[in-house]
Amino acid sequence: MLILIWFHFGSIKQAMPTLTLKNIPAHLHAKLKQSAEKNRRSLNSEILTRLEREVSAPKVDRAKLASDLKAFTDRLPHVDHRIGDRYKRKGLK
C-alpha cells in the first residue's frame, strides 16, 4: 500500500514504513543505547545503521574462502624455522 504525504507548496513525499520491536532484552537495549550515544546517533538511527550494514554486507562462503586460503598457502615455499630459531638463540647470549 502506497501512502503519500502532502507538504506545503504541493510537494509529495512517500511515507516510510514503520517497524516496531517488542520484547527486547534489557541488556541488548542497553548495548544499543550505549552504542548510539558513543556514535552520537539516536537509538532509531543506530538500529537502522546496523540493519542496513547487515543486510548490505556481502555473504561470505567460508568453505570457499578456506579452500582458497589453503591453496594459497600450499603454493608458498617451505620455511625451515629451525634456522631462525638458531639465530634467535645466538642473539640472546
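Any read-out appearing in this document is the output of simple, stated calculations on the displayed coordinates, not a laboratory observation. Being a predicted model, the structure only gives us computed values, none of them experimental. Here the Cβ positions follow ideal geometry from the backbone for every residue, glycine too, while neighbour counts run over all protein chains shown.
Roughly how many whole Å is it from the C-alpha centroid of the range 55-93 to that of the range 14-39? Cα centroid of the range 55-93 versus Cα centroid of the range 14-39: 40 Å apart. Checked against a 30 Å cut-off, the cross-linked pairs K33/K59; K38/K70; K31/K64; K70/K90 give Cα-Cα distances beyond that limit for K38/K70; K31/K64; K70/K90. Rounded to the nearest 0.05, what FRET efficiency is calculated for L21 and R62 with R0 set to 22 Å and r the Cβ-Cβ distance? Approximately 0.15, to the nearest 0.05.
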